[in-house]
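Notes follow the structure.
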Amino acid sequence: MIVSGNELYGTALKACIGSKLPRGVSEDISRAAVVIAQSGIDPTSMLIRTTELPDSEQLQWFFETPNWVCRKGSVSSVGPSLVDFSQLVVGSGYALTKDADCPGLIYGCALSVAETNSLNFEVSFGNEAGEADCEWLIVGSQSTIARIPGEPSNIALKCWGASQGTSVATPIGGLTVNDESWADLKKLAELILVPANEANSADAGAGTTDND
Amino acid sequence: MNEFSSIELQSEVFPQTELRPPETVMRLQRMGSFFPTRLSFLRSLLRDLARQNAKPKCTEQMLDDDGYGHCVYEVVLDNRLYSLIAYSSPLEPENRTDRVIAEAWDACFVLFDGKPLKADIELLRNNATRQESGRYNPSVLVLSRANKSVRLFEHVADALAKGQQPDGEAVAATGYLMRTTAVYGNGKFGMADRADFAGRPSLSQPFRLEMLTVYMIKEFTIDLVNHVAQSRGGDNAVKLDNATCRNLGIGNSTGLGMAPFLVNHPILINNWMMVRETALARVKAVEAIDDDQVSFFKSLCKQVQKHLKNWNVDDEHEQRRIEGLRADFDDLLVHVPTILVSKFPWAGIVDKSEASSIDLQELIIALVLEPNGDLIDGLTDCMEATAEAKLDPAMSIGDLREIIAERYRWALSLDLSTEYANAMAWYVSEDKLEPRLGTSHSVERDYQKMPHHIPHDVQSLVAALNNCNDTESVAEFLASTLHFRSIVRRIQTIAKHSYGEVQDNLVAGDVRPIDLLRCKLSFFGASRFDPRSDRWTRITLYQGAPMAADLSEENAADCFLPSLEMSMR
């Protein structure tokens, strides 16, 4: 299925809010989903997994920024990790996750934040020992990405300097997503809708026929 | 260069007075009094079409005797072809509703990127006539639909079929043959994202393609009624005369779907307002005007008087406002000749209006901008938004507190503890995703409410910040208070885009969404606001605008608050 960037953002946002994620977190995840899709990876299954994350430890996170905050610890959902990613100024770090779907989404969130902060950004996915046994993924000013092989559990992060912008152009012809995952995402998005009844039909402020 | 630095650089070249502050401009009552100006999107499109000598023309007309079938219109902008495909279908009266819940329409439209093949036209027929239920690809730029004003359409068609022109009063009373009930763009239902085409030279301004679509729909409605008249009258039939064609705009029926846009796009709205206020500030700084400008302005005033005289609506409250405005305008006109030959004449007229109603103040602003195209038209290049709302996690809590105190004084001053201050909720119905406004009790779950309770969120945030030190970072604060992430980002955004926030409680018991609708529609260039309730309005676009064949750089600007008399002169 081909969807537009705006359509993906809007549906992801509604799905996250409908799944009771905080609005600000939902906004960031949805933006990240578009960034991921623009890179050629279908984010819909990641989004659905994110909305299903139980309130338990999912992610071990460590990141150093030499000129600001050092943080180390466990977080229980994607939400707090976004806050930590907000601190990506200049530095390097890594994240461990037990969720195979998380790395891509975390990557997207990190990329989204780095893009916002005009940073060059580098990400790698590797094994639990932290070894980069997968391809290095270089993004940022070069706007390139490799597919994630296997089920990596480690993400290495490095940020440096200000870039001249790291936007990934929307591919002509829209964004490709899996039909089933998209349908599931739309169902989640429908959770924000209010059931229609005769009483609230008048809330639109207009009658039901317009002949003049 | 972004839109801001662009305005700032221009301010070094053009003298200007101080801008009106956001706390004056961004109030619902004032926004609900806005009039279209020469900065409005349809006006700047007409100027651009004229500059490029771009004239939409019908290249395919496949209609039966009753006017059902399809037509294709083409226009070239900056060497790129755009095509409007118009589908006309029979519609039973009981199915004619302007609401989102409609399932069928008199006409449906697609703006296509390039020249559609026959296969495209047939494929899109099966989708466009189902509107939101159809599926589109990025070749589709805009999707729209319209319903006839059956009474006027039939009157015009019958008159033309008999070899007569329609009754001028009937034309003036309605003002359009069809009214659009939605104009979708920016990636809806799989269509092209705005980002896909915003880089094209003629398309960077907001809603440019939507305005182009509506202008081409105006051409279609005239061709359609001429075609039906010809079928009915044969050799006796005549075509609609140019003056009436020009005076017939395109109606639009608009409900609550338009209102959340103003809340959800603070940077874009800031830029629209900044441009409008900067234009006013430049005009007010003009020290003197020549005899030609005096004469032109006086003729504009007469035109506005006629427009106000012809502007009548069914809604009693709104009709009283219009009648009050007529009286206020007449009172002001007594002073105009003297002020025009004084120093700083435009500032003098604006200042004089400030002793009168807000409706008059905003009408006068639109009016004094009109003769000053050379000074302000270039500002329309600054109305798009390329920046996105950003979270600044490194900001200190002390700095955040200062922004709130400066930018959200209005929100902190509200008493939100009463039931009245929390009476309403904005939501989306499962009934074809129709946006609605109901009592807060009618929406069971908080996450189903649109985030229009900005002052409530600000007050909650301020209370939570009481437990923080000034030196603490926003990131540290948000790590344990994720639910504030959105409002913090918004506040940080408004710090740099101060006209981006409506400074009223949008969930109060007395909120009037119609004010938001009128504000946005005025930027489109809409006139003849005709509210059907406090959350629903009809308006007219392109009334008085030259038809494509007649469009020139000389007449492109000549459709400010039109009246029938003016157009038929």
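The values are calculated or read from the model by the stated rules, or taken from the named source; none is laboratory data. All values reported here derive from a predicted model rather than from experimental measurement. Note: ideal-geometry Cβ built from the backbone for every residue, glycine included; neighbour counts use all protein chains shown.
Checking the stated criteria, B:T386 turns out to be within 30 Å of B:Q492 (Cβ to Cβ), outside any helix (DSSP H, G or I), touching a helix residue (DSSP H, G or I) at 6+ places or on another chain (Cβ under 8 Å) and of a type in the set (S, T, Y).
Restricting B:P393, B:P451 to residues that are outside any helix (DSSP H, G or I), at pLDDT 95 or above and within 14 Å of another protein chain (Cβ to nearest Cβ) narrows the list to B:P451. Note on region A:36-56: residues that are assigned to a helix (DSSP H, G or I), modelled with pLDDT under 75 and within 15 Å of A:G174 (Cβ to Cβ) total 1. Checking each residue in region B:13-64 for being buried (at least 22 other Cβ atoms within 10 Å of the Cβ), closer than 24 Å to B:L203 by Cβ, over 17 Å from the mean Cα position of the chain (by Cα) and not hydrophobic (A, V, I, L, M, F, W, C) picks out only B:P56. Looking at region B:280-371, the helices (runs of 4 or more DSSP H) lying wholly inside it that each contain 1 or more residues that are modelled with pLDDT under 95 sit at B:291-310, B:316-333.
Looking only at residues in region B:47-106 that are of a type in the set (D, E) and not in a loop (DSSP other than H, G, I, E, B), which one is farthest from B:A157 (Cα to Cα)?
Restricting attention to region B:47-106, the residues satisfying the condition of being of a type in the set (D, E) are B:48, B:60, B:64-66, B:74, B:78, B:92, B:94, B:98, B:103, B:106.
From what is left, the residues that are not in a loop (DSSP other than H, G, I, E, B) are B:48, B:60, B:74, B:94.
On the way: B:D48: 32, B:E60: 21, B:E74: 25, B:E94: 22 Å.
Top of the filtered list is B:D48.
Take the conditions (1) out of contact with any His (no Cβ under 9 Å at 6 or more places or on another chain); (2) exposed (fewer than 15 other Cβ atoms within 10 Å of the Cβ); (3) closer than 19 Å to B:H227 by Cα; (4) away from chain A (no Cβ under 14 Å); B:C108 misses just one of them, which is (2). Taking first residues from region B:285-310 that are closer than 18 Å to B:Q543 by Cβ and partners that are polar (S, T, N, Q) and not in a helix (DSSP H, G or I), the Cβ contacts under 6 Å between residues at least 6 apart in sequence or on separate chains come to B:K306/B:S563; B:H307/B:S563; B:N310/B:S563.
Taking residues in region B:52-81 that are over 21 Å from B:E553 (Cβ atoms) and among the small types (G, A, S), and partners anywhere that are modelled with pLDDT of 95 or more and assigned to a strand (DSSP E or B), the pairs with Cβ atoms closer than 6 Å and at least 6 places apart or on different chains are B:G67/B:S88; B:G69/B:M62; B:G69/B:L63. State whether one or more residues within region B:321-342 are surrounded by 16 or more Cβ atoms within 10 Å (Cβ to Cβ) and under 27 Å from B:E554 (Cα atoms). Looking through region B:321-342, at least one residue is surrounded by 16 or more Cβ atoms within 10 Å (Cβ to Cβ) and under 27 Å from B:E554 (Cα atoms). Here the condition is being among the hydroxyl-bearing types (S, T, Y), surrounded by fewer than 23 Cβ atoms within 10 Å (Cβ to Cβ) and at the interface with another protein chain (Cβ under 10 Å from one of its Cβ atoms); of B:S204, B:S139, it holds for B:S139 alone. Of note, B:L300 does not satisfy the criterion of being closer than 16 Å to B:F34 by Cβ, surrounded by fewer than 21 Cβ atoms within 10 Å (Cβ to Cβ) and not small (G, A, S). Yes or no: B:I514 assigned to a helix (DSSP H, G or I) and either within 14 Å of another protein chain (Cβ to nearest Cβ) or among the β-branched types (V, I, T) (or both)? Criteria met by B:I514. Within region A:173-197, the residues that satisfy the criterion of being within 11 Å of another protein chain (Cβ to nearest Cβ), more than 16 Å from A:Y9 (Cβ to Cβ) and out of contact with any helix residue (DSSP H, G or I) (no Cβ under 6 Å at 6 or more places or on another chain) are A:G173, A:E190, A:L193, A:P195, A:A196, A:N197. Here B:R232 meets the list (1) surrounded by fewer than 18 Cβ atoms within 10 Å (Cβ to Cβ); (2) charged (D, E, K, R); (3) under 17 Å from B:G67 (Cα atoms); (4) out of contact with any helix residue (DSSP H, G or I) (no Cβ under 6 Å at 6 or more places or on another chain) almost entirely, failing just condition (4).
Condition check ((1) under 30 Å from B:P36 (Cα atoms); (2) of a type in the set (D, E); (3) surrounded by fewer than 19 Cβ atoms within 10 Å (Cβ to Cβ); (4) at the interface with another protein chain (Cβ under 9 Å from one of its Cβ atoms)) across all residues:
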residue: B:M383; (1), (2), (3), (4): yes, no, no, no
residue: B:G398; (1), (2), (3), (4): no, no, yes, no
residue: B:E402; (1), (2), (3), (4): no, yes, yes, no
residue: B:L412; (1), (2), (3), (4): no, no, yes, no
residue: B:D415; (1), (2), (3), (4): no, yes, yes, no
residue: B:A421; (1), (2), (3), (4): no, no, yes, no
residue: B:S429; (1), (2), (3), (4): no, no, no, yes
residue: B:P435; (1), (2), (3), (4): yes, no, no, yes
residue: B:V443; (1), (2), (3), (4): no, no, no, yes
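May I ask you to list the residues in region B:459-495 that are away from chain A (no Cβ under 14 Å) and part of a helix (DSSP H, G or I)?
Result: B:Q459, B:V462, B:A463, B:L465, B:I494, B:A495.
Out of region A:16-33, which residues are closer than 10 Å to B:H483 by Cα and within 7 Å of chain B (Cβ to nearest Cβ)? Answer for region A:16-33, where residues must be closer than 10 Å to B:H483 by Cα and within 7 Å of chain B (Cβ to nearest Cβ): A:P22, A:R23, A:G24, A:V25.
Does B:D431 fit the bill of being more than 12 Å from B:I491 (Cβ to Cβ), of a type in the set (D, E), modelled with pLDDT of 95 or more and assigned to a loop (DSSP other than H, G, I, E, B)?
Values: more than 12 Å from B:I491 (Cβ to Cβ): yes; of a type in the set (D, E): yes; modelled with pLDDT of 95 or more: no; assigned to a loop (DSSP other than H, G, I, E, B): yes.
Judged against the criteria, B:D431 is not a match.
For region B:111-133, the condition of being within 14 Å of another protein chain (Cβ to nearest Cβ), hydrophobic (A, V, I, L, M, F, W, C) and surrounded by 19 or more Cβ atoms within 10 Å (Cβ to Cβ) holds for none of the residues.
In this structure, does B:E92 turn out to be charged (D, E, K, R) and within 14 Å of chain A (Cβ to nearest Cβ)?
Working: charged (D, E, K, R): yes; within 14 Å of chain A (Cβ to nearest Cβ): yes.
Here the answer is yes, as B:E92 does meet what is asked.
Determine whether region B:156-169 contains at least one residue that is within 19 Å of the chain's Cα centre (by Cα) and of a type outside the set (V, I, T). Reasoning before the result, please.
Going residue by residue through region B:156-169, those that are within 19 Å of the chain's Cα centre (by Cα) are none.
Checking region B:156-169: not a single residue is within 19 Å of the chain's Cα centre (by Cα) and of a type outside the set (V, I, T).
When the test is whether a residue is more than 14 Å from every other protein chain (Cβ to nearest Cβ) and of a type in the set (V, I, T), B:T181 does not pass it.
Do we have B:M216 as among the hydrophobic types (A, V, I, L, M, F, W, C) and farther than 20 Å from B:D106 by Cα here? Judged against the criteria, B:M216 is not a match. From the list B:A198, B:A107, B:A119, the lone residue that is touching a Ser or Thr at 6+ places or on another chain (Cβ under 7 Å) and either of a type outside the set (G, A, S) or at pLDDT 95 or above (or both) is B:A107.
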